Amino acid sequence: METVKRIVAMAVALIAATAAWGQKVDWSLDYQYYFDNREFDRGGEAFTESMTLNAARITPYLTIDMGRPLSRRIRPGDSSHRVVAGMDLYKDMGNGEKNFSLFDEISFYYEYDAAWRKGRRFSMTAGVLPRTLTEGYYSRVIFSDATKFTDHNIEGLLLKYSSNTLFSELWCDWMGQYGYDRRERFQVNTAGQWDFSRIISFGWNASLYHFSGSELEHYVVDNFLANLYLKADLAKKAGMQALSLNAGLLTGYQRDRREDLYVVPVAFESVMDARKNNLGVENTFVCSPDMMVNYDLLGPDLYFGSPFYHTSTGTLRPYDRLELYWQPQIGRNAHVRLSAVCHFAKGDADRFCYQGMQQRFSVIFDIKPLSRSVR
């Protein structure tokens with residue numbers, strides 16, 4: 001209670017000082033609700049346990065423009081600076097926490113945004129910033145849908161660059177500082193896409209995770225995963241909300257430095273997405289060896305992707321994820337997605353079969369969204 005009072009008092013003082021200084025003060029609000037019922041008894045819970053994730057988060061932000069913000073009609077040479085601060089109010093349904101115990105992580109960051117010649121844009125964001133500011137596509141071997149929701153903030157730096165045909169981003173998340181029982185950990189991620197025609201694009205997404213030691217644990221594990229793909233987008237030609245196919249490679253290297261052992265898995269992955277009249281189907285097909293070779297050692301501490309990429313074998317195995325969904329936009333700033341996700345893989349039965357499903361529902365609502373997209 002006392003901590004909340006101090007935060008409110010500091011916010012009021014900051015607003016008053018900023019107004020007196022003549023800077024523009026504004027606000028924004030982000031709300032997310034996530035329900036995910038996982039039923040994997042049919043497959044013997046070979047990859048992950050059955051469970052239900054049910055949580056909500058609301059985050060109000062205070063924004064201070066340190067200069068003139070970029071207008072809708074951006075001209076070369078325009079730039080803006082701003083400082084943003086916010087606080088998460090987060091609830092895992094049923095955990096018993098109430099009232100002021102629901103106040104979660106504080107975010108605060110500085111953002112620089114600039115327009116260059118020939119349609120080029122650059123932005124830099126530094127501090128504790130929401131993951132929603134990232135814009136790139138990442139394979140579920142790198143980040144699962146649940147990870148994107150539950151791990152809301154990034155502690156580090158985000159860089160974005162775009163032109164008329166290229167988008168790229170690079171960001172670092174410092175996740176652990178060396179201590180007695182706290183490991184030094186950081187993750188460097190990148191994603192981008194180059195459109196070399198109106199239909200065909202080349203894209204990439206990758207993550208390097210350095211899982212180092214503490215005073216108690218001295219061993220180091222490196223985990224690098226990358227996805228390179230070609231994408232065909234036919235939505236405009238077909239008159240649909242979405243119609244795309246990307247296909248490419250999953251690869252990387254994983255190293256346990258205790259034994260100085262490198263493992264370099266290589267796999268194939270394709271993702272098809274089609275949507276018309278708000279009804280859609282997304283199918284992901286993967287043929288891969290074990291993409292998470294140290295999962296049995298460190299589990300979700302080392303891997304943030306879907307556990308269905310952990311096949312426990314060096315041979316190629318098929319995996320298929322089929323999602324049927326309804327995704328209406330119920331307002332200018334409100335998005336809803338209701339879906340049923342079926343998983344097919346080789347599990348304990350050592351044959352390709354139905355493993356179980358998820359029933360998912362999500363709501364995203366943002367007022368004056370923070371993300372100044374460079375795309």
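Values as computed for the structure displayed
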quantity: Yes/no for Gly248 being at pLDDT below 95 and either among the polar types (S, T, N, Q) or out of contact with any helix residue (DSSP H, G or I) (no Cβ under 7 Å at 6 or more places or on another chain) (or both); calculated: no
quantity: Pair list, Cβ < 7 Å and 6+ apart or interchain, from segment 247-266 residues that are more than 14 Å from Asp290 (Cβ to Cβ) to residues that are at pLDDT 90 or above and polar (S, T, N, Q); calculated: Ala247/Ser270; Gly248/Asn227
quantity: Conditions (1) open to solvent by 30 Å² or more (accessible area, probe 1.4 Å); (2) within 22 Å of the chain's Cα centre (by Cα); (3) charged (D, E, K, R); number of the one not met by Arg321; calculated: (1)
quantity: Filtered residues of segment 251-290 (kept if open to solvent by 80 Å² or more (accessible area, probe 1.4 Å) and either part of a loop (DSSP other than H, G, I, E, B) or at pLDDT 95 or above (or both)); calculated: Arg257, Arg258, Glu259, Asp260, Val264, Phe268, Lys276, Asn277, Leu279
quantity: Criterion (in contact with a helix residue (DSSP H, G or I) (Cβ under 9 Å, 6 or more places away or on another chain), polar (S, T, N, Q) and not in a strand (DSSP E or B)) met by exactly one of Ser312, Ser362; calculated: Ser312
quantity: Within segment 82-93, tally of residues that are under 18 Å from Gln32 (Cβ atoms), open to solvent by less than 80 Å² (accessible area, probe 1.4 Å) and not hydroxyl-bearing (Ser, Thr, Tyr); calculated: 7
quantity: Residue list for segment 163-175, filter: in contact with an Asp or Glu (Cβ under 9 Å, 6 or more places away or on another chain) and in contact (Cβ under 8 Å) with a residue 24 or more places away in the chain; calculated: Asn164, Thr165, Leu166, Phe167, Glu169
quantity: Scope segment 162-218; condition aromatic (Phe, Trp, Tyr) and open to solvent by 40 Å² or more (accessible area, probe 1.4 Å); matching residues; calculated: Trp174, Tyr178, Tyr180, Phe186, Trp194, Phe196, Phe202, Trp204
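The values are calculated or read from the model by the stated rules, or taken from the named source; none is laboratory data. Predicted model only: the values in this text are computed from it and were never measured. When we count neighbours, we look across all protein chains shown, and the Cβ atoms used for this are built from the backbone with ideal geometry, even at glycine. Note: areas computed on protein heavy atoms with side chains; ligands, DNA, RNA excluded. Shrake-Rupley method; radii C 1.70, N 1.55, O 1.52, S 1.80 Å.
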